[in-house]
1. It is to be established whether one or more residues within segment 93-115 are open to solvent by 10 Å² or more (accessible area, probe 1.4 Å), under 16 Å from the mean Cα position of the chain (by Cα) and either over 30 Å from residue 239 (Cβ atoms) or not basic (Lys, Arg) (or both).
2. In segment 175-194, what residues are under 19 Å from residue 134 (Cα atoms) and out of contact with any helix residue (DSSP H, G or I) (no Cβ under 7 Å at 6 or more places or on another chain)?
3. Look through 255, 250 and report the one residue that is assigned to a loop (DSSP other than H, G, I, E, B), at pLDDT 95 or above and under 25 Å from residue 112 (Cβ atoms).
4. Within segment 306-313, is even one residue small (Gly, Ala, Ser) and open to solvent by 20 Å² or more (accessible area, probe 1.4 Å)?
5. Checking residue 33 against (1) within 14 Å of ligand 1 (Cβ to nearest atom); (2) within 16 Å of residue 292 (Cα to Cα), only one condition comes out false. Which one?
6. Please enumerate the residues belonging to segment 282-305 that are touching a helix residue (DSSP H, G or I) at 6+ places or on another chain (Cβ under 8 Å), buried (at least 16 other Cβ atoms within 10 Å of the Cβ) and of a type in the set (A, V, I, L, M, F, W, C).
7. From the residues in segment 243-267 that are within 13 Å of residue 125 (Cβ to Cβ) and aliphatic (A, V, I, L, M), which one is most open to solvent (accessible area, probe 1.4 Å)?
8. Within segment 168-200, which residues are part of a helix (DSSP H, G or I) and either open to solvent by 40 Å² or more (accessible area, probe 1.4 Å) or at pLDDT below 95 (or both)?
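The values are calculated or read from the model by the stated rules, or taken from the named source; none is laboratory data. From a predicted model like this one, the values you see are computed outputs, not experimental measurements. A quick note on method: Cβ atoms are made from the backbone with ideal geometry, for glycine too, and the neighbour counts reach across all protein chains shown. With ligands, DNA and RNA removed, areas are computed over all heavy atoms of the protein, side chains included. Shrake-Rupley method; radii C 1.70, N 1.55, O 1.52, S 1.80 Å.
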Amino acid sequence: MIFLGIETSCDETSIALIHHKNILKQITYMQDHNAYGGVMPQVCMREHLHHLPIVLKKLEADISLQNVDGIAVTFGPGLAGALLMGIMVAKGLALGLNKPIWPVNHLQAHALVVRMTHDITFPYLLMLISGGHCLLAIANDVDNYQILGQTRDDSVGECLDKVARALGGPYPGGRYIENQAKSGTLNKMLLPIPLQHIFGYDFSFSGLKTACIQWIARHNVISEGQRKDFCASLQWVIAQTLCQRLDYALRHTKLKQCVIAGGVASNDYFREQLGKVANAHGAQLKIPPAELCTDNGTMIAWAGYEYYRKGLPWDIDFCAQPRRSIDASYR
Ligand code: KG4
Ligand code: ZN
């Protein structure tokens, strides 16, 4: 089975063709929202509209879409207008090529793509850390998730992106912070560890984000060394809260497999620190390769293939669901 995946939930226009566990081709166009300091929804929608035909044409240069057996498209959560662009094109292709189409939950796609690159069976503990989400859940099956906790306010990616912006870095800022932190000193700047004394599954990052932005605002001039130490300290604090939550979840669920997913999971420092926690519990930590952590068409194609293998019926009668939760059942 060859699956086509279309992802347009935020600022990446990404399409991919997969054949079982092989990526035949993936093309991603990363939009540039630097001028706005964050994703501007109207621009995002227009960019998808402009780039979808271009990336499709590039994909078709090598492989005819007639060879596709199934189409998968993100239908939520995400920005309404952006989702609609992908859905419109996917439905058009499904009708024109007479192929079945599966609406894919973006968060489930983040959770599932690890099964394409690693051997892992259900159930597993899932920590999903991205620009839009931050949650802990038990993945019981392809379409069955039990949320243990989630952020009470901002996601970890939002915190990284806004702090990077305050430091004069690019958008998105996670990789910038990671690169700056590489030669910085850990925990030199004292920053608050979110919910440090409240054990449980919830996260919170708005307080940390505000503390960082205020620290930056208080310092008119920040030397290169200070910036690096600051980024290293921020990463250290974030790792503390993520590790504390993972430790708690592994202890209480007693699961021996865990997965970290989402764009922030491409961060090497977080991967290493969370790996130590999993080790301490005798649990296996599996993380998709960095390029499959950030939004991509492959994970959508893979999720569609998983839905198909599970026997979930294809259906062209669906709309964008901007606020869809990971634990929503398939239809
Ligand atoms: O999963 P994703 O591509 O989009 C959403 O579904 O939200 O995640 C994007 C987030 C952004 O906040 C970005 O700054 C962050 O992932 N990110 C990183 C790294 N690469 C991307 N955060 C930390 N370290 C990285 N290397
Ligand atoms: Zn995502």
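1. The answer is yes; a qualifying residue exists.
2. Narrowing segment 175-194 to residues under 19 Å from residue 134 (Cα atoms): 175, 177-178, 192-194.
Within segment 175-194, 175 is the sole residue that qualifies.
3. Working: 250 fails: assigned to a loop (DSSP other than H, G, I, E, B).
Result: 255 is the single residue among 255, 250 that is assigned to a loop (DSSP other than H, G, I, E, B), at pLDDT 95 or above and under 25 Å from residue 112 (Cβ atoms).
4. yes
5. (2)
6. Matches in segment 282-305: 283, 285, 287, 292, 293, 299, 300, 302, 303.
7. Going through the qualifying residues, I end up with 255.
8. Residues satisfying the conditions are 175, 176, 179.
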